[in-house]
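Novice: I'd like to ask some things about the structure below.
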Amino acid sequence: FHRMINQFRIRADQAGLDWDTAVMDIVMTPNLWDCVAKVYACAGLDLCSVGNSANQVNADANQAQQRYEQYLSTMQVPIDGRMYPVVLDSQIPETTGQPNGICSDIYFITREISGRTVTYGNYQDFNKTYGRVRNEMVSMFGSDDIAITDNGRYAVVRQNERGCFDVQAYVKPRIVAEMPQLLGRIRNVCCNVLQEPFP
């Protein structure tokens, strides 16, 4: 995570952007988040260098537990002295590793930097792409059994046969990334899960 953030920082600085203004989400599955929070709670001893047998590093289990609970309750992890929010997405594919283990990807999505939105959601506006055709169908046949809702975000198709209704909703979303150099992914992160993974 440290390496990923520092790559973003250098890329932003080279583009004349201020990384300290960045709004970034770290996105992963609930199964991975539980593992990452535990690792983060216990990590840090690798920062200490033990040169001889006189040096000793002690790990406090209570402090590790408190850090773990803090990460879970705030949904954030510290990287380079700053807290970054974690977003859970149960639709990210997971594969099984060993028994009770899962593997999945972790995404780093920079949404804003230097006051500019650089990653955002978008959708096909059915009012613009279908509205004219719909008006012609309604004028000819009285209806087209298609309703456009939510400012053109959804097209709802109704089919009626002998009192039975089949309703389908269509949406065509997309994500627009204006600065893909500030997006990243760590692939195939694996961990063991206590008991069995969340469905």
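Novice: Could I have the simple spin-label model distance between A169 and F198, label points 7 Å from Cα toward Cβ, reported in nm to one decimal?
Specialist: 2.3 nm
Novice: Positive end of the charge dipole of the chain (Lys, Arg +1 and Asp, Glu -1 on Cβ, about the Cα centre): tell me which of F1, Q159, I106 has its Cα farthest that way.
Specialist: Of the listed residues, the answer is Q159.
Novice: Need one number: % antiparallel among DSSP beta bridges in the chain, to the nearest 5.
Specialist: Of the beta bridges lying entirely in the chain, close to 95 percent run antiparallel.
Novice: Given a 1.4 Å probe and the protein chains all in place, what does the accessible area of V156 round to, in Å² to the nearest 10?
Specialist: 40 Å²
Novice: If you don't mind, there's one more thing I want to ask. On the full set of protein chains, 1.4 Å probe, figure out the accessible area of R11 and give it in Å² to the nearest 10.
Specialist: Using a 1.4 Å probe on the heavy atoms, I get roughly 90 Å².
Novice: Rounded, prolate or oblate for the range 59-177? Axes are the square roots of the Cα gyration tensor eigenvalues, ordered a ≥ b ≥ c, and the cut-off for rounded is a/c under 1.5. Each step should come with its number before you reach the end.
Specialist: On the way: a/c = 3.79, a/b = 2.18, b/c = 1.74.
Because a/c hits 1.5 or more and a/b exceeds b/c, the range 59-177 counts as prolate.
Novice: In the range 111-199, how does Rg compare with the Kirkwood Rh, expressed as the Rg/Rh ratio over alpha carbon atoms?
Specialist: 1.21
Novice: Which translational diffusion coefficient, to the nearest whole µm²/s, is obtained for the chain from the Stokes-Einstein equation, given a Kirkwood hydrodynamic radius over C-alpha pairs, 37 °C and 0.692 mPa s?
Specialist: On the way: Rh = 21.0 Å.
Rounded, D is 156 µm²/s.
Novice: For the residue pair M179 and N160, what label-to-label distance in nm results when each label sits 7 Å from Cα along the Cα-to-beta-carbon direction?
Specialist: The answer from the label model is 5.3 nm.
The values are calculated or read from the model by the stated rules, or taken from the named source; none is laboratory data. As the structure is a prediction and not an experimental result, all values here were calculated from the model. Note that each Cβ is placed from the backbone with ideal geometry, even for glycine, and that neighbours are counted across all protein chains shown. SASA here: full protein model, heavy atoms, side chains in, ligands and nucleic acids out. Shrake-Rupley method; radii C 1.70, N 1.55, O 1.52, S 1.80 Å.
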